[in-house]
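The values are calculated or read from the model by the stated rules, or taken from the named source; none is laboratory data. Because the structure is predicted, anything quoted here is derived from the model rather than measured. Note that each Cβ is placed from the backbone with ideal geometry, even for glycine, and that neighbours are counted across all protein chains shown.
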Amino acid sequence: MMTTNNQAPALAFNGISCVFASNERAGERYIAVGDTTLHVAPGEFVSVVGPTGCGKSTLMRLVTGLWPPTEGQVSVDGQEVDGPLSIAGMAFQNPTLLPWRNILDNVMLPLEVVQPHRGQLRAKRAEYEAQARELLALVGLNGFEAKFPWQLSGGMQQRASLCRALIHQPRLLMLDEPFGALDIFTREDLWAVLQKLWLARRPTVILVTHDLREAAYLADRVLVMSSRPGRIIAERRVDFPRERTMETTYTTEFQDLVHELRDRISDARDAEEIVDAP
């Protein structure tokens, strides 16, 4: 799968496989991700969907360098990934905000870790604080900077988590079921928040989700993975105009797309492969 234009890909998987031992005594292994090739263009928003256990979260760990591939190569901005990436922002299902830090300090945490911001933090603190406040205002959290996580709802905490993922201006944003623990009304509110952040900053985004409406609402392109071993078996471009609203989700075209994705996943559920260790 190539990028949609002639730009060099922001993210490239070339023949990636990832194999784990499932029963070392019996010499059994399972293929979490098998022979996957994927190119994502700079600034593209890609959603990844598929059955439970298909390797969606494994893809995330491969991209961010947390796990090495068994075969093939992962590249970000043309450079092979051989360890944890500092240019990636990440957000997960649980916001994991530090309870002893207020919201502003939680958002600024990556600036204390990621270079070159870490070395500039003391001299540029006022500038960085202004950027954090701007992000918080963008997601509707202005006035909550001095609050602590326990004083915020789950949805508000996830808004702060998205700000934290973007504060160091990453070129790549990795989202692993970021809204999965929230009720449907809060999730839908946060779809609009995430779209607004993406339109303002235009990072390359990979969103892993089980929610097909979420995938279709947010993405430029939706990738469907097979059951284990996880492979990309289908992709669907999403051409609904931006900025999308909840009214978009009520259209026949949107509902047809969701049904199409559901049918693809239903057809993919049966394939699971166990390979014998050599």
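Side notes on the structure shown:
- Qualifying residue in the range 183-202 (condition: assigned to a loop (DSSP other than H, G, I, E, B), more than 11 Å from the chain's Cα centre (by Cα) and closer than 17 Å to Gln157 by Cα): yes
- Test: residue in the range 237-244 that is among the aromatic types (Phe, Trp, Tyr), surrounded by fewer than 14 Cβ atoms within 10 Å (Cβ to Cβ) and either modelled with pLDDT under 90 or part of a loop (DSSP other than H, G, I, E, B) (or both): no
- Flag if Glu44 is acidic (Asp, Glu) and modelled with pLDDT of 80 or more: yes
- Among the residues of the range 215-229, not a single one is over 24 Å from Phe13 (Cα atoms), assigned by TED's automatic domain parsing to the domain that holds Pro69, without any contact (Cβ under 8 Å) to a residue 12 or more places away in the chain and not basic (Lys, Arg).
- Picking from residues in the range 114-139 that are at pLDDT below 85 and aliphatic (A, V, I, L, M), the one that is nearest to Glu177 (Cα to Cα) is Val114.
- Just one of the listed residues (Leu152, Leu190) is assigned by TED's automatic domain parsing to the domain that holds Val49 and surrounded by fewer than 23 Cβ atoms within 10 Å (Cβ to Cβ), namely Leu190.
- Checking each residue in the range 155-182 for being of a type outside the set (Gly, Ala, Ser), in contact with a strand residue (DSSP E or B) (Cβ under 7 Å, 6 or more places away or on another chain) and part of a helix (DSSP H, G or I) picks out Leu162, Leu166.
- Inside the range 64-81, residues that are more than 15 Å from Ala12 (Cβ to Cβ) and polar (S, T, N, Q) make up a count of 1.
- Counting the residues of the range 210-235 that are at pLDDT 95 or above, of a type outside the set (Asp, Glu) and not in a loop (DSSP other than H, G, I, E, B) gives 8.
- Selection of first residues in the range 162-185 that are closer than 19 Å to Val48 by Cα and of second residues that are among the basic types (Lys, Arg) and part of a helix (DSSP H, G or I), restricted to Cβ pairs under 7 Å at least 6 apart or on distinct chains, gives the following pairs, ordered by first then second residue: Phe179/Arg187.
- Test: residue in the range 118-138 that is exposed (fewer than 12 other Cβ atoms within 10 Å of the Cβ) and either in the same structural domain as Leu38 (by TED's automatic domain parsing) or polar (S, T, N, Q) (or both): no
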